[in-house]
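The values are calculated or read from the model by the stated rules, or taken from the named source; none is laboratory data. Since we're looking at a predicted model, the values are computed, not measured. Glycine also receives a Cβ, built like all others from the backbone with ideal geometry; neighbour counts cover every protein chain displayed.
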Amino acid sequence: MVDKGDTAWMFMATVLVMLMIVPGLALFYGGLVRAKNILSVLMQVLVVASLALVLWVAYGYSLAFTLLAAVLLAFTRVWGTRVPQEALIGVIYVVAAAAASPVGRTSAIILPT
């Protein structure tokens, strides 16, 4: 049985992580560069987060929720395996957290040395 309180908390945590990614980190790193480069920083953060999200859905899901042998057949496993409805919000949270991680690495490119 699914607890409504747990589901609501996971939903709020997911929303907070998603708000941290593009608006939060992009504007933070945008404040560290010159005004003419802010759009470039916003696009870098958006592209890196989007790429990480797609890669996690394609490969990370198979590593996390199926057998280790699914690495070679990751793409078929992602779409062939049905996610239980009660676990869907947890999967979305993990995707958001996985997309936020590489965005932090973008600071090595953005920040001057």
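Let's see how each residue does on (1) at pLDDT 85 or above; (2) surrounded by 12 or more Cβ atoms within 10 Å (Cβ to Cβ); (3) out of contact with any Asp or Glu (no Cβ under 6 Å at 6 or more places or on another chain); (4) of a type in the set (D, E, K, R):
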site	(1), (2), (3), (4)
5	yes, no, yes, no
21	no, yes, yes, no
35	yes, no, yes, no
43	yes, no, yes, no
46	yes, yes, yes, no
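Of all residues in segment 1-54, those being farther than 14 Å from residue 104 by Cα and small (Gly, Ala, Ser) number 6.
Of all residues in segment 23-33, exactly one satisfies the criterion of being exposed (fewer than 14 other Cβ atoms within 10 Å of the Cβ) and closer than 26 Å to residue 89 by Cβ, namely 23.
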